[in-house]
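The values are calculated or read from the model by the stated rules, or taken from the named source; none is laboratory data. The shown structure was predicted, so the numbers you read here are calculated from the model rather than taken from an experiment. Cβ: placed from backbone, ideal geometry, glycine included. Neighbour counts: every protein chain shown.
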Amino acid sequence: MSESISSEVHRIFEMVFECTCDMIKGDFQSYPDHRSKFYDLLKAINSHCFQALFFLPEAQLKLYVDSLIWAAKHEQPQVADSGLHVLAQFLEKLLSGPPQVYVPFFKQYFFVLLQDLLSVLTDTFHKSGFKLQQHILLQLVNAVECGLLNEAAPKQRVMEFLFDLIGKSFPTLHRSQVEIFVLGCFNKARQP
């Protein structure tokens, strides 16, 4: 796939992406070959037609993002790792682009991505992707810490969100343990 096909990404989504998504999103076991090739398609679009993603109708962009999240939640390590790699690359490209592209995106998706990523990160079924999961968490927190997302996800709001989410998800943790974790995430983001 090359950039010359960028103008056709919308049609690819209409003809292939949506119907394949409908086939594989019902469960994580059916159509393993379709599933694998589907994530190869996402990787190719992300690698070669990245800009075209932001010319898609909102519903199709949402489906693309949802597909990456579904991959991260997948029980098969190969599929999960493939989706995590695409998501990490997607975020890297997005954050290196212009603010007029990434700020609106993160206004809509930042907290969803953060919540779903933490869900996967703390699920023992997804141990194999731990390094990639923590890398993506660091990408998100680093973008906040560097001030790139002040408009979309202000640092204080993100810290409160993390504190509340972790506190509710792990009620046996003491408040100070949750604070240490949240502060540790942001301290780690400051380190080169």
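Could you tell me how many of the residues in segment 44-73 are over 13 Å from the mean Cα position of the chain (by Cα) and either under 26 Å from S128 (Cα atoms) or loosely packed, with under 15 Cβ neighbours inside 10 Å (or both)? Outline the logic, then answer.
Let us first name the residues in segment 44-73 that are over 13 Å from the mean Cα position of the chain (by Cα), namely 44-45, 47-60.
Narrowing the set further to residues that are either under 26 Å from S128 (Cα atoms) or loosely packed, with under 15 Cβ neighbours inside 10 Å (or both) leaves 44-45, 47, 51, 54-55, 57-59.
The total comes to 9.
In segment 1-43, which residues are modelled with pLDDT under 75, surrounded by fewer than 13 Cβ atoms within 10 Å (Cβ to Cβ) and more than 21 Å from the chain's Cα centre (by Cα)?
S2, E3, S4, Q29, listed by residue number.
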